[in-house]
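What follows is a single structure, written as structure tokens, with notes after it.
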Amino acid sequence: MKSKSIVLSVLLVAIGVIQANAQGFHLGVKAGANIFKINGDAYSQDFQYGYNVGAFAQLNFPGAWGIQPELMFNQTNYRTGNNFSDLYDGGPDNFKGKLSYLTVPILLSFKPIPFLSLQAGPQFGVLLNQDEHLVNNTKDAFKKGDLSLVGGAQLNLGSFLVGGRYVIGLNNINDVDNEHSWKNRGFQAYTRLVACISSLL
């Protein structure tokens with residue numbers, strides 16, 4: 001609970017500071033698909049489908065630059081490999097599971113042309129669930145926090161917004177041992193659902 005409060009506080013402070021210097025400010029709701037895997041020896045390297053939904057803010061500065069902070073719910077699915085039980089005693093082979101994250105991407109946005117935004121930045125995630133059946137002990141299998149690097153492109157055509165990005169996990173989310181590294185990795189596609197507020201500061 002403490003981790004979630006810290007993430008929300010950081011997001012609110014960032015929006016407040018940046019909004020004071022921004023020329024344009026827009027809020028909206030968006031949703032899309034996650035195509036993810038856990039990168040590691042113990043897991044299948046086939047991508048699995050999940051979904052994302054949440055809210056975003058567009059903060060535009062003079063010229064082509066801006067910031068896009070978001071608060072997103074991300075469900076990412078995974079499948080263990082054929083050798084999972086060899087690496088972890090009693091662990092299930094070919095097991096399909098899911099991880100649910102509350103994530104906060106804070107993306108620097110650059111518009112080379114008016115309707116196209118190129119975006120990159122860090123993403124902070126807090127794990128909301130654990131899969132108690134993944135390993136036969138009382139220890140959680142996955143760490144509560146995840147840090148990623150995000151990069152992608154977004155089309156801004158009036159009220160229509162659609163984008164895609166690639167997410168690379170930077171930290172090891174394996175909380176069972178230190179022998180094997182597990183990292184989230186995959187693609188996201190999304191579109192705007194609702195434009196909540198559109199205002200010029």
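The values are calculated or read from the model by the stated rules, or taken from the named source; none is laboratory data. Note that the structure is predicted; figures quoted are calculated from it, not measured. FYI the Cβ positions are ideal-geometry reconstructions off the backbone, even for glycines, and counts take in every protein chain you see.
Would you call residue 184 surrounded by 13 or more Cβ atoms within 10 Å (Cβ to Cβ), at pLDDT 95 or above and out of contact with any helix residue (DSSP H, G or I) (no Cβ under 7 Å at 6 or more places or on another chain)?
Working: surrounded by 13 or more Cβ atoms within 10 Å (Cβ to Cβ): yes; at pLDDT 95 or above: yes; out of contact with any helix residue (DSSP H, G or I) (no Cβ under 7 Å at 6 or more places or on another chain): yes.
It is true that residue 184 is surrounded by 13 or more Cβ atoms within 10 Å (Cβ to Cβ), at pLDDT 95 or above and out of contact with any helix residue (DSSP H, G or I) (no Cβ under 7 Å at 6 or more places or on another chain).
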### Considering residues of the stretch 89-138 that are surrounded by 15 or more Cβ atoms within 10 Å (Cβ to Cβ), among the β-branched types (Val, Ile, Thr) and at pLDDT 90 or above only, the residue nearest to the chain's Cα centre (by Cα)
103
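Please note which strands (runs of 3 or more DSSP E) are completely contained in the stretch 1-85 and include at least 1 residues that are in contact with an Asp or Glu (Cβ under 6 Å, 6 or more places away or on another chain), modelled with pLDDT under 95 and surrounded by fewer than 16 Cβ atoms within 10 Å (Cβ to Cβ). I'd like the intermediate steps shown before the answer.
Working: elements: 24-39, 48-60, 65-79.
Result: empty, no element qualifies.
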